[in-house]
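See structure below.
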Amino acid sequence: MLNPISIAFKKAKQENRPALLTYTVAGDSSKKQSLRILKSISKNADILELGVPHNTPVADGSQIQTSAYRAIKNGIKVNDIFKIVKDFKKFDKNKPVILMGYYNMIFQYGENKFLNKCKLSGVNGLIIVDLPWPENKNFAKKCKKKSIYFIQLLSPTTTKIRLKKIIKDSHPMNYFISMLSTTGGKLKVSPNDILKNYSKIKRIDPKKEIVIGFGITEKTIGKLRPADGLVVGSAICKEISRSLKHRQNPVTNVSKLVKKLKSKIL
Amino acid sequence: MKLKKGIPVIDQGNKLGFWGGKFGGNFVPETLKKPIEDLEVLFNKLKKDKKFIQERDKYFKNWIGVPTRFIKLENLSRHVGGAQIWSKVVSDANGGAHKVYNATVHCLLAKRSGKKVIIGDTGAGYAGKMLSMAAKKFGLKCKIFMGAKDIARQQPNVKAMKKNGAEVVPVYSGSQTLVDAVSECMRFWVANCDTTAMCVGSTVGPAVFVRICGWSTSQISRELKVQLIDEFGSIPKKLKLYNCVGGGSSSFGFWNEFMDYDKKQCEFIGIEAGGPAKSKKHAAPLTYGSKIGILHGAAQYVNQNSDGQIEETESISAGLDYPGISPLHCFLKDTKRARYTAASDEQALEAYKLVTRFEKLRPSLEPSHAFAVAISESKKLSKDTIVVVNSCGDAYKDRGILEKRLGKKYVKSN
């Protein structure tokens, strides 16, 4: 059976648009709210990234940090995250879910045990921010055996030789970091330049799906339409924080935001 | 796991940067792979380059003022009544602590790589102070990341950084101490690695930073070896080297040249921060058997919960207040080359009182931890045992804390 992630890309292509990937932190603002948010955005998002919150995130900007600290403060544990995914899949079993996090969380849980739980709860892909290639070779192989995509990150600093090697080893989906930044930074490179870099990467192996992430908001998403997929994370986390601050319902607000994002790429 | 003889410990890691196959490595975001590789290539080349070594030695001698003193603490030894207690007064170095060696080397590397800005983290403020000093000396712009809690408790060093023209960036996330400062500094590097050089303030972080720092602080043991031979004619038969361990840069540098000696002749004792006696929190992952985990790009023993969240630490000494520990020390622990123990806040304060009562020496709260254990163990040791404590920092920065905890006389009389 084809991984639902690949099906999602196919479907978006048929509609002649990029796939929309959303990122929310598991357990933000609480376990229940987090599940409600997933359910409410799944109509408009093609792939759901769910962050595994960590308290020393070296690649995340302030928005995602705030969400992560909030989730941890509200008691989220790794097992709760699997529970959220499982419950969500009962609601929408074909919607692909990707977990994104830092390696220590997996290392402490145990790689094999973690992957088994991923399989059982319905996780379709993994992004591990601080487990780059070639360090991730072994773990990526384990993922493959479980039919879970291990998603490689590619950056503007990745050299051409390295790009080729990573893509050769990669699974069907990769993630291009738009610019030198932590998550949620202001887009400091023009969308055109990002797309130029994207095309260079795409040319190495056109069959691999490449999504672009970091710094994408309502304002910029439309300009990056040619990509296979676009990830919005910090803007959503920011919306959750904003809603809480104004005592509004984050579920409806985030749902509205995702709908708007979708409308920009149709 | 085995320590090899004849090869510097910093070069004993495998291809992926792991010591003993499991400590260290490069758990970094993809964006940092290239700048880290560039730094590795540069460092590997320059550390074999005679001209670069000469340049380093020139600045060490003329600017840092090496060698630092090696003195006998006669009165303290008499009072304790056991081993002979000596001190390597590394706080003599320009700026008042060992952090100046690593800062200088990083600035020299930054110059060679054409970078105009250098960033760094700091806990006690010494790493930041020294980096700001060196950056000024070498004409680099400097930005220092420091936890808000540390900014409040280490004001003299904050003032020094600002005076040197550095921008001090307060970090409000997490526990607002060193661990958060290092994270924030790494984040800044992720976003600016094309124009900016990063200096990690201790023997922590991705493997190349561990190596550069260890290489730099090893100046301490190079000097000590010469000084011991000058004093005793040869390396003493019973030598014990006591050093506090936070990230582990001063202790590694204090021991490096003695690595190949049998530990029966030359024993290494690392003293971690045990925190307040009444608190369960500590900054002593080696002493209290913390599990191996990943922090700031490296696998190491680290205080964490069962889920892998890094735990908050607590210590009176900002410089030791770090949940992890250098991969080098994890390696030295597991190969049993070094022994690790902890001293509490209160023990460190008592040791500070005792040392300053008997000697014209003013160790900061970090080395006071080492003095606490050295003094208590020396009582039971024979007169021909040579105990050396690295007094790696000066207490000037701790004035506020010392005055609050011990009263004015301990600040003024020294």
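The Cβ shell under 15 Å around A:ASN74 holds other residues with a net charge of +4, Lys and Arg each +1, Asp and Glu each -1.
Under the simplified labelling scheme, the B:LYS116-B:SER306 pair shows an inter-label distance of 5.3 nm, with each label point 7 Å from Cα along Cα→Cβ. When both the range A:112-147 and the range B:244-276 are represented by their alpha-carbon centers, they are found 38 Å apart.
Here the Karplus relation 6.51 cos²θ - 1.76 cosθ + 1.60, evaluated at θ = phi - 60°, turns the backbone of the range A:62-67 into coupling constants of 5, 5, 5, 4, 4, 4 Hz, with x for every Gly and Pro.
For the range B:293-355, applying the loop criterion from DSSP together with a ceiling of 11 other beta carbons within 10 Å to the trypsin sites (Lys or Arg not before Pro) yields B:LYS336.
Note that the range B:369-414 carries a Kirkwood radius of 12.6 Å, evaluated over its alpha carbons pair by pair.
With R₀ fixed at 56 Å, the C-beta to C-beta distance from B:LYS159 to A:LYS86 puts the FRET efficiency at about 0.55. Of all trypsin sites (Lys or Arg not before Pro) in the range B:1-63, which ones are in loop regions per DSSP and have a Cβ with at most 10 other Cβ atoms within 10 Å? Qualifying residues, ordered by number: B:LYS2, B:LYS5, B:LYS15, B:LYS48. Between B:ASP262 and B:LYS72, the C-beta separation translates, for a Förster distance of 25 Å, into a calculated FRET efficiency of about 0.55. What fraction of the DSSP beta bridges in the range A:14-166 is antiparallel, stated in percent and rounded to the nearest 5? In the range A:14-166, approximately 0 percent of DSSP beta bridges are antiparallel ones. For the range A:39-72, trypsin sites (Lys or Arg not before Pro) meeting the loop criterion (DSSP other than H, G, I, E, B) and having at most 14 other Cβ atoms within 10 Å: A:LYS43.
For B:GLY293, the residues whose amide H sits under 5 Å from its own are B:GLN300, B:TYR301, B:VAL302, ignoring neighbours fewer than 5 places away on the same chain, with H placed 1.01 Å from N. The overall shape of the range B:56-185 is oblate: from the C-alpha gyration tensor, with semi-axes ordered a ≥ b ≥ c, the ratio a/c is 1.5 or greater and a/b is no larger than b/c.
The 3J(HN,Hα) values that the Karplus relation (6.51, -1.76, 1.60; θ = phi - 60°) gives for the range B:302-313 are, in residue order, 8, 5, 7, 8, 5, 7, x, 7, 6, 8, 6, 10 Hz. Gly and Pro appear as x. Backbone amide hydrogens, once placed in the peptide plane, bring B:CYS142 within less than 5 Å of B:ILE118, B:GLU167, excluding anything fewer than 5 places away on its chain. Distant-in-sequence amide contacts of B:GLY275, defined by a placed amide H-H separation under 5 Å and a gap of 5 or more residues or a different chain, comprise B:ALA283, B:ILE316, B:ASP345.
The DSSP beta bridges internal to the protein assembly as shown are antiparallel in roughly 20% of cases. The mean number of partner chain beta-carbon atoms within 10 angstrom of a residue's beta-carbon across peptide B:31-38 is 6. Rounded, prolate or oblate: which one fits chain B, using the alpha carbon gyration tensor with axes a ≥ b ≥ c (rounded when a/c is under 1.5, else prolate when a/b beats b/c, else oblate)? Since a/c stays below 1.5, the shape of chain B is classed as rounded.
Computed over the range B:218-331, the Cα gyration tensor eigenvalues convert (square root of 5λ each) into semi-axes of 31, 14, 12 Å, ordered from largest to smallest. Gyration tensor over the Cα atoms of the range B:279-414: the corresponding equivalent ellipsoid has semi-axes (square roots of 5 times the eigenvalues, largest first) of 29, 20, 11 Å. With N the number of residues in the range A:225-266, Rg(Cα) / (2.2 N^0.38 Å) evaluates to 1.28. The length gained by stretching the chain between A:ASN112 and A:LYS256 to full extension, at 0.36 nm per residue less their Cα-Cα distance, is 48.1 nm. Along its first, second and third principal axes, ordered by size, the protein assembly as shown spans 85, 52, 46 Å in Cα coordinates.
When you count the other C-beta atoms within 10 angstrom of each residue and take the mean per peptide, A:95-102, B:241-248, B:260-267, B:138-145 line up highest first as B:241-248, A:95-102, B:138-145, B:260-267. Between the range A:4-36 and the range B:37-112, the C-alpha centres lie 53 angstrom from each other. For the protein assembly as shown, adding -39500 (n - 2.57) for each run of n ≥ 4 DSSP H residues and dividing by the number of residues yields -13000 deg cm²/dmol at 222 nm.
In this model, which of A:LYS165/B:LYS115; B:LYS5/B:LYS88; B:LYS99/B:LYS143; B:LYS238/B:LYS336 are farther than 21 Å apart at the alpha-carbon? Walk me through the numbers before you get to the answer.
On the way: A:LYS165/B:LYS115 29 Å; B:LYS5/B:LYS88 25 Å; B:LYS99/B:LYS143 16 Å; B:LYS238/B:LYS336 18 Å.
Pairs exceeding 21 Å: A:LYS165/B:LYS115; B:LYS5/B:LYS88.
How many times 2.2 N^0.38 Å is the alpha carbon radius of gyration of chain A?
This ratio for chain A stands at 0.92.
Per-residue Karplus couplings for the range A:152-159, computed as 6.51 cos²θ - 1.76 cosθ + 1.60 with θ equal to phi - 60°, are listed in order as 7, 9, 10, 10, x, 8, 5, 6 Hz, Gly and Pro entered as x. For chain B, the share of DSSP beta bridges that are antiparallel, to the nearest 5, is 30%. Applying 1/(1 + (r/R0)^6) with r as the Cβ-Cβ distance of A:LYS11 and B:LYS141 and R0 = 51 angstrom yields a FRET efficiency of 0.55.
We did not get these values from a lab; they are worked out from the coordinates using the rules stated. Since the model is a prediction, treat every value here as computed from it, not as a measurement. Because the Cβ atoms are built from the backbone with ideal geometry, glycine has one as well, and the counts that use them run over all protein chains shown.
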